[in-house]
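The values are calculated or read from the model by the stated rules, or taken from the named source; none is laboratory data. Note that the coordinates shown come from a computational prediction; the quantities given were computed from them, not determined experimentally. FYI the Cβ positions are ideal-geometry reconstructions off the backbone, even for glycines, and counts take in every protein chain you see.
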Amino acid sequence: MQLSPLEKFTAPLGGQEIELQQVDYEAGGMSLLRIRIREKSRFTVFDIDPGTALAWGRAMQRWSEAQDRAAG
């Protein structure tokens, strides 16, 4: 298994550290997106497939755009 860093940022309100990594498995050639959320000493880790990443990303974008419209 090989991990490649993609993005890392901190949520401004809760201070959670969010890290996105690509996970490549040697056997089978499968790649997943790893989402690591660190909140103080607690970690939450999701490994998701490309379809789930796309659906999740689109849902987050729709929500964000709706917030922008409501505030404007």
Looking at residue 9 and the list (1) within 18 Å of residue 53 (Cβ to Cβ); (2) surrounded by 11 or more Cβ atoms within 10 Å (Cβ to Cβ); (3) at pLDDT 95 or above, which single condition is not satisfied? (2)
Search result, residues across region 19-42 that are in contact with a Lys or Arg (Cβ under 8 Å, 6 or more places away or on another chain) and of a type outside the set (Asp, Glu): 20, 21, 22, 23
Identify the single condition in (1) farther than 20 Å from residue 19 by Cβ; (2) surrounded by 11 or more Cβ atoms within 10 Å (Cβ to Cβ) that residue 48 does not satisfy, given that it satisfies every other one. (1)
